[in-house]
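Following: one structure in structure tokens, then a few remarks.
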Amino acid sequence: MATRTLEFTFDEMRVNMGPQHPSTHGVFRGVLVLEGEEIKDLIPHIGYLHRGVEKLAEHLSYVQDVPIMARNDYLGPVHNELVMAHAVEKLANIQVPERAQYLRVMASELHRIASHLVWTGTFLLDMGGALGGGSTMFLYLFQARESIMDLYEEWTGARFHPNLVQIGGVRFDLPAGFDRKVKEALQTVRNTVNEVREMVEGNPVFEQRTRGVGVLSPELAQSIGCSGPVLRASGVAYDVRKAFPYDAYDKMDFEIVTATAGDVRARYEVRINEIFQAAHIVQQALEGLPEGPIGAKPPVKAPVAVKAPKGEVYFRVESARGELGAYLVSDGSHKPYRLKLRSPSFSNLQAIQHLVRGHKVADVVVILGSLDPVFGDVDR
Amino acid sequence: MGIVKETLDSLVITLKNLARKPVTVQYPRERRTMPERFRGVFALTTNPETGEENCIGCRLCQNICPSQIITVIPEKREKRSYAKDFTLDMNACIFCGLCVQVCPTDAIVMVRANDEVGYSREDLFLTKEKLLANEKKYQDLISPMTGSVLRNMQTPPRPAPRPRPKPQPKPEEKKE
Amino acid sequence: MKWLLVAFWSVVILSVALLIAAYMIWWERKFAGRMQRRIGPYWVGYPHGWLQSIADAIKILRKEDIIPKNADKWVYNIAPFLFMVPPMFLFAVFPFSKTWVVADLNVGLLYVLAVSSLGVFGVMMAGWGSHNKYALLSAMRYVSQMISYEVPLVLSALVPVVLTGSMNLGAITNAQKGLWFALWPVVGWVAFVVFLLATLAEGNRAPFDIPEAESELIGGFAVEYSGWKFAMFYVGEYVHLLAVSILASVLFLGGWRGPLLPPLLWLFIKTVFMYSVLLWIRWSFVRLRVDQLMVFNWKVLVPVSVVDLLLAALWVVLR
């Protein structure tokens, strides 16, 4: 008797996910090639949020570029301001006073906390849905983030785009009684994060959704230029704050948070631990804050106030998403001749195509979320 | 059993939060007090003694604005310069506060109010009259972070941990 | 004359059910809001927004009814009815008090289980008729989920039947004169929990709301619907929830039985309690993935409920 083999053939279905889709974090468009629920391929399309910031920067002076840069990565604006200011300072050889360096560290760590809180919230929202438990945890985390935003409002006058950094220092000194408020806010953040951790960690639903999903090998991560928590979750201990210290980071005591699994769960773990590390750094910066001026140069009067000599420079900072670099070419005037931003979101996003193959539709949003792309930063 | 406990953890925490007080601020009926440095709507100040406008039409703000939304037309009168026209297009403002920082006479200031709204784009296009009227309208809400305060903060005269607003320089001193 | 009385009570119960569905939506919003440290609806119907659902109903009924160009119009138009009407049939057999029951069927539970699974057709037709890939994916998920979770639902609902020896819901209520079935050691507990979980899945609620999954499939099978057709899907879901909450109270919490208070009030309290538990679970967990959902059903719930049913049968035999 001849055995008969049954052969199933599937038609591949193409589903257009985005740019209008609730969990593509803005305007990502991915064409999913599906076989049933399984993903054969994902063809990413970006550029829906392209605003031409790099070109715009050429038309504005260095002084004006700093606040404009904050609009790229809108979850960690200070990092973008910092990288621009630092690039100019490096080129023009401006020494930033120590107090300003500490304040810059404090500001960028506060924004790292805020950004990671948003990430954790939206990640759980992707997983749990706006009409489910995800939104509960999302709102808890946003309430915690609100305390950081309140700090910024108190310090700089703006919740979101503080325009705190300026070339040669920072624009605002701390208001009176600020350290007590910082400590309170950090305590709120720690409590909330611990609460959310208790909710999700060990929960079988959460563990099943994250463990072993979207495993990124360290080799692949390095070859496509991932950085930040995405790279560290794959076990590569690379952190710009340690590798190329800027500002007062060499005086701070902190560890590079790594995990080895490289899956979505590892990325979650790295970011959660980084929140605690960042809170630790903020407290150190607050305690070690030296007295002194906060600006190296006299206050800015005009856009031509800062001029950089002819030359080119690359500077990198560790943003909440990874290595944020600015490549600046100057022709000696008060405007950049050319500015190229190396954005961590863009590099990290490239992993998506490799990560989703073989997974289910539901995993796409989780994996995309775990890479933490900010599309203002991807498309610039 | 561990799994059951971990699962019930989330239920316990949501139940705990059910008993906590909501954090909602019922906005139009309840308002947060904005912190001192809040960057909101703009106003043009006048000298409280003479009632003269502080703006001398120097165009520093026009030059520094990253969005290039400020237009100043200066006018020379017998004693000092004035702004013949001063417009600020709030539609494109990014609230960076650079114009406040560069103002030599503390003429343009920011107001601790963020609810300036309008039905049309023209409503958010602040003319000189609107800007001057804002000073009266938001009398108590004018941010103390004027240009001179900001500049003093950035290069503080030692020892001054927290600079206080200095008396505004008389416009007359600029001349002669 | 008897059919007239039945018709009258049917109309009354259906209108009340719709009104209750509107207030279930309100209760869910308030409950979820407080759980998330928000207030929830407040100003429409000051205080506490008790008119919010009515306002939303008026709003949604006035919205434009959009039919996609390539939709299978017949199927598309008829799907909302097929989704919303079956759960309304269920109210016919629920005993609201000792005498208040529209149709006192002796196979009441069988009727309930049979009718409640009719909703699948509406969803499949919606998914197919919308001519939308997301809707189709969602409908396929829904059907597979419904069919799978029907098994533990029925098996756990059979435990009270075995213990009572009748499929009549009134008889099941009467059998809980002493101890509610939900409180029976082990057999009752397990059956109650399995029933609760299967109910969540049948009602398409988080953490089992895979078909809706707005973060993956944008909203599922109802993605192309708008206006009153969407409202029918939305209300149908809540009517279904109301029905299963009542069913759970009848099967496991002793239905209208209780001291002092009138029977209808007791049933109401138990139903609200059941509904709140469903909400509580919904707003506390993240969502499972579709394959994990199936694994959970076939490898955990079904064996557990089979063993539980066997235990219940053994107990009845040995008694």
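Please treat every number below as a calculation from the coordinates, not as lab data. Model, not experiment: these values are computed from the prediction. Counting neighbours? That spans all protein chains shown, and the Cβs are built from the backbone with ideal geometry, glycine included.
For each pair in A:K90/A:K307; A:K307/B:K128; A:K251/A:K335; A:K181/B:K16, compute the distance between the two Cα atoms and list the pairs where it is over 23 Å.
Among A:K90/A:K307; A:K307/B:K128; A:K251/A:K335; A:K181/B:K16, the Cα-Cα distance tops 23 Å for A:K307/B:K128; A:K251/A:K335; A:K181/B:K16.
Once whole DSSP H runs in chain B are found, which of them have Cα atoms spread over 20 Å or more along the helix axis and a mean Kyte-Doolittle score of at least -0.5?
Flagged H segments are B:2-19.
On the first, second and third principal axes, largest extent first, how far apart are the outermost C-alpha atoms of chain A in Å?
In descending order, the Cα extents are 93, 46, 33 Å.
Would you mind pulling out the separation of the Cα centroids of segment B:51-72 and segment A:319-337, in Å?
Answer, in whole Å: 28.
In debye, nearest 20: dipole of segment C:70-318 around its Cα centre with unit charges on the Cβ of K, R (+) and D, E (-)?
360 debye
Got the relative contact order for segment B:35-155 handy, in percent, Cα pairs under 8 Å and 6 or more residues apart?
Relative contact order for segment B:35-155 comes out at 34 percent.
Determine, from the Cβ-Cβ distance of C:N174 and B:V12 and an R0 of 41 Å, the FRET efficiency 1/(1 + (r/R0)^6), rounded to the nearest 0.05.
Between C:N174 and B:V12 the formula returns 0.70.
If you build the Cα gyration tensor of chain B and take the root of 5 times each eigenvalue, what three semi-axes come out, in whole angstrom, biggest first?
44, 20, 15
Taking every residue in C:40-50, how many Cβ atoms of other protein chains lie within 10 Å of its Cβ, on average?
Mean shielding count: 1.
For A:D250, B:D9, A:D377, A:D11, what's the fewest-to-most ordering of other Cβ within 10 Å of each Cβ?
Lowest to highest Cβ neighbour count: A:D11, A:D250, B:D9, A:D377.
Calculated from DSSP H runs of 4 or more alone, at -39500 (n - 2.57) each and per residue, what is the 222 nm mean residue ellipticity of chain A, nearest 500?
-14500 deg cm²/dmol
For chain C, what does the relative contact order come out to in percent, with C-alpha contacts under 8 Å and a separation of six or more?
With pairs under 8 Å counted, the relative contact order is 23 percent.
Which whole number gives the average count of other chain Cβ atoms within 10 Å of the Cβ atoms across peptide B:56-62?
Mean inter-chain Cβ contacts per residue within 10 Å come to 1.
Using only the alpha carbons, work out the radius of gyration and Dmax of segment A:53-122 in angstrom.
13.4, 40
I want to check the label-to-label distance for B:V23 and C:D65. Put each point 7 Å from Cα in the C-beta direction and report it in nm to one decimal.
About 4.4 nm, to one decimal.
Report the full-extension gain for the segment A:K340 to A:Y314: residue separation times 0.36 nm, less the Cα-Cα distance, to one decimal in nm.
Extending this stretch completely gives an extra 8.4 nm.
How many percent of all Cα-Cα pairs in segment C:1-68 sit more than 14 Å apart?
When all Cα pairs of segment C:1-68 are counted, 69 percent exceed 14 Å.
What value, in deg cm²/dmol to 500, does the helix sum -39500 (n - 2.57) over DSSP H runs of n ≥ 4 give at 222 nm once divided by the residues of chain C?
For chain C, the value works out to -21500 deg cm²/dmol.
Can you tell me the 0 to 90 degree angle between the C-alpha axis of helix C:119-129 and the longest principal axis of chain C, rounded to 10?
Roughly 20 degrees, rounded to the nearest 10.
In segment A:120-227, which chymotrypsin sites (Phe, Trp or Tyr not before Pro) are in a loop and have at most 16 other Cβ atoms within 10 Å, using DSSP for the loop call?
A:F160
Using only the Cα atoms of the protein assembly as shown, what do you get for the radius of gyration and for Dmax, in Å?
31.9, 115
Please determine, in degrees from 0 to 90 and to the nearest 10, the orientation of helix C:133-164 with respect to the longest principal axis defined by the Cα atoms of chain C, where the helix direction is its Cα long axis.
It is inclined by approximately 10 degrees.
Sort out for me the Cα centre separation of segment A:245-301 from segment C:1-44, rounded to whole Å.
If you average the Cα positions of each part, the centres end up 52 Å apart.
Mind checking which of C:M124, C:L109, A:H359 is farthest towards the positive end of the protein assembly as shown's charge dipole, using Cβ charges of +1 (Lys, Arg) and -1 (Asp, Glu) about the Cα centre?
C:L109
Choose one answer from A:E287, A:E312, A:E38: the residue with the largest mean-square fluctuation in a GNM of chain A with alpha-carbon springs under 10 Å.
A:E287
As I understand it, the value is the acute angle between the Cα axis of helix A:98-128 and the longest principal axis of the Cα atoms of chain A; what does it come to in degrees, rounded to 10?
Helix A:98-128 sits roughly 20 degrees off the main axis of chain A.
Counting C-alpha atoms alone, how compact is segment C:70-318: give Rg to one decimal and Dmax as a whole number, in angstrom.
18.2, 62
Whole Å is fine, so just give me how far the alpha carbon centre of segment B:75-95 lies from that of segment A:163-234.
Spelled out, the Cα-based centre of one part sits 44 Å from the other.
Which of C:W27, C:W298 comes first, and how do the rest follow, when ranked by fewest Cβ neighbours within 10 Å?
Exposure proxy ranking, most exposed first: C:W298, C:W27.
Name the residues whose placed amide hydrogens come within less than 5 Å of the amide hydrogen of B:V41, ignoring near sequence neighbours (fewer than 5 apart) on the same chain.
B:V111, B:A113
Measure off 7 Å from each Cα along the Cα-to-Cβ vector at C:R38 and A:N16, then give the distance between these two points in nanometres to one decimal.
Here the answer is 3.1 nm between the modelled labels.
Go ahead and set up a Gaussian network model of chain A, Cα springs under 10 Å, then flag whichever of A:N16, A:N163, A:N273 fluctuates most.
Most flexible of the set in this elastic network: A:N16.
Work out the mean other chain Cβ neighbour count within 10 Å for the residues of B:147-155 and drop it here as an integer.
Per residue, the number of nearby Cβ atoms from other chains is 5 on average.
Mind giving me the FRET efficiency for C:A103 and C:V12? R0 is 22 Å, r the Cβ-Cβ distance, nearest 0.05 is fine.
0.95
To make sure I understand the rule: partners must be lysines, Cα under 18 Å from the Cα of C:K69, and not fewer than 8 residues away in the same chain. Which ones qualify?
Those lysines meeting the cut-off are C:K133, C:K229.
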